[in-house]
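So the structure is just underneath, and the comments pick up after that.
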Amino acid sequence: MAKKKKTGSKSSSGSRRSAASDRLRTENPGSILILYGAETYLLTEYLTRLRDALEAVHGDVDIVRFDGTATEISAVLDEARSYGLMQSYKIVLVDDADVLLKNENYRKAMEHYAQSPADSACLVLRASTWNKGKLDAMVLKVGQIVKCDSPSIARATSFVRQRCAKRYGCEISPAAAALLVERIGTSLSRLDAELARVSLMGEPGRDVDVAVIRENVGLSREEKAWEIQSVLLTGNPVAVVQKLRELMVVSRQDAVPIFWSIVDLIRKLRFAMALRQDGLTDAEIAKSLRLWGDAKNAILGATKRVRPGNLNQLMQDAIAAIERGRRGLGTSEHAVEMLALRFVHEFHPLDR
């Protein structure tokens, strides 16, 4: 009888270590750790968690820091191999490690070290970007590689709720957490900074609710753009003029971003119509243009009513307005008003 292959914990552990992860393993973290990505919050937080985990095992753990843009590999590796006078274990941290390892000889020296790393130190290579290579496979045998990028919307929302309670001592409602992520985005650094601010604005003993977020956190770039785009798609000139006055006079918003919001809408409509003519479905068009919610329905609906020639003329008008601005002719406010009203004028349903 043939023997069944075992699928115990060893194989599952091996699979976990076979590639880069998006989460730090604090139990048996290894001798070499690569932290890379654009999310500065995670780059800092994971180093803190690593130190806490190592101190639980070794006692006090020092962090010896190196600047990868201004150090030599010999200094880093000598420090990793040397024993501390007071502590039995240490972390050797190299920031901008990708810059350091651009030197081929330095990378080879690091590869050699990875084959037999010191047992009294954890070498942490930290960088905003990372070029994969031979070193990665070696590191995964003795440690881990953790990618530190902004999380999904769901995970960012969960982070907001947990961080607010644990770090700032107050609760934030699920709806308020979702709205904060919608307005700020999924950057954990920015979300944490906003939490530090809005956690002080709710009434004592009460949750941070949607009203607090609406009143104290500005609209995202996409929401600001949709403020004027949604009104333009109604084809109502009175509503458009009122919205422009609200944005530029009452709210004192800069006219230039509003102008580019209109240009962006024209671009999306032209692109959506071209995709529709190529036979793509609404779902495929929405995915390609990253449309969702009200914007998805409004823009896809508009492509079925507007003439392609009108949109081409609008884009020519926008280009002409940009050229006039470069020559110092007219103001940004006037350019916005003229382009918006031209949009409304040209945006005729096919059956009119």
### Query
For region 229-242, in order, what is each residue's ³J(HN,Hα) by Karplus, 6.51 cos²θ - 1.76 cosθ + 1.60 with θ = phi - 60°, in whole Hz (x at glycine and Pro)?
4, 5, 6, 4, 5, 6, x, 9, x, 5, 5, 5, 4, 4
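Apply 1/(1 + (r/R0)^6) to the Cβ-Cβ distance of ILE63 and VAL256, taking R0 = 56 Å, and write down the FRET efficiency to the nearest 0.05. All intermediate terms of the calculation are to be shown ahead of the outcome.
Values: r = 45 Å, r/R0 = 0.80.
Approximately 0.80, to the nearest 0.05.
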### Task
Please list, in chain and number order, the residues 5+ apart from LYS90 or on another chain whose amide H is under 5 Å from its amide H, with Hs placed from the backbone.
ALA121, CYS122
## Note on the structure
Neighbour-count ranking for CYS170, CYS148 (other C-beta within 10 angstrom, fewest to most) reads CYS170, CYS148
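Where does the chain land at 222 nm, in deg cm²/dmol rounded to the nearest 500, when only DSSP H runs of n ≥ 4 count, each adding -39500 (n - 2.57), divided by all residues?
Numbers: 17 runs with 201 residues, N = 352.
Here the helix-only value at 222 nm equals -17500 deg cm²/dmol.
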#### Entry: Euclidean distance of C-alpha centroids, region 27-87 and region 245-307, integer Å
47
### Task
Would you please name the chymotrypsin sites (Phe, Trp or Tyr not before Pro) within region 242-342 that are DSSP coil residues with at most 14 other C-beta atoms within 10 Å of their C-beta?
TRP292
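If r is the Cβ-Cβ distance from GLU246 to LYS141 and R0 is 51 Å, what FRET efficiency results, to the nearest 0.05?
Details: r = 61 Å, r/R0 = 1.19.
Efficiency, from the Cβ-Cβ distance: 0.25.
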### Summary
Cross-link reach from LYS132 to aspartates and glutamates, straight Cα distance under 20 Å and at least 8 residues apart if same chain, gives ASP22, GLU39, ASP95, ASP96, ASP98, GLU104, GLU111, ASP149
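Working out 0.36 nm times the residue gap between SER120 and LEU280, then minus their Cα-Cα distance, what length gain in nm do you get to one decimal?
Length difference between fully extended and current span is 51.7 nm.
What ranking, highest mean first, results for peptides 59-70, 122-133, 44-55 when packing means the other Cβ atoms within 10 Å averaged over each residue? Walk me through the numbers on the way to the answer.
Working: 59-70: 14.5, 122-133: 19.0, 44-55: 16.8.
Per-residue Cβ counts within 10 Å, averaged per peptide and sorted highest first, yield 122-133, 44-55, 59-70.
Based on the Cβ-Cβ distance of ARG49 and SER74, what FRET efficiency does E = 1/(1 + (r/R0)^6) give at R0 = 35 Å, to the nearest 0.05? Please list the in-between numbers first.
Values: r = 29 Å, r/R0 = 0.84.
The pair ARG49/SER74 has a calculated efficiency of 0.75.
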### Query
For the Cα atoms of the chain, what angle does the longest principal axis make with the long axis of helix 174-184, in degrees from 0 to 90, nearest 10?
80
### Message
Here are a few candidate values for P(r) over Cα pairs in 10 Å bins from 0, in percent: (i) 5, 22, 25, 18, 13, 8, 5, 3, 1, 0; (ii) 5, 18, 19, 19, 18, 13, 7, 1, 0; (iii) 5, 24, 31, 23, 12, 4, 1, 0. Which one was actually calculated from the structure I just gave you?
### Response
(ii)
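ARG167 to THR26: extension gain in nm, 0.36 nm per residue of separation minus the Cα-Cα distance?
On the way: separation 141, 0.36 × 141 = 50.76 nm, distance 2.04 nm.
That pair, ARG167 and THR26, stretches by 48.7 nm at full extension.
Every number here is computed from the coordinates shown, using simple stated rules; none is lab data. All values reported here derive from a predicted model rather than from experimental measurement. Cβ sites come from the backbone with ideal geometry, for glycine too, and all protein chains shown count toward neighbours.
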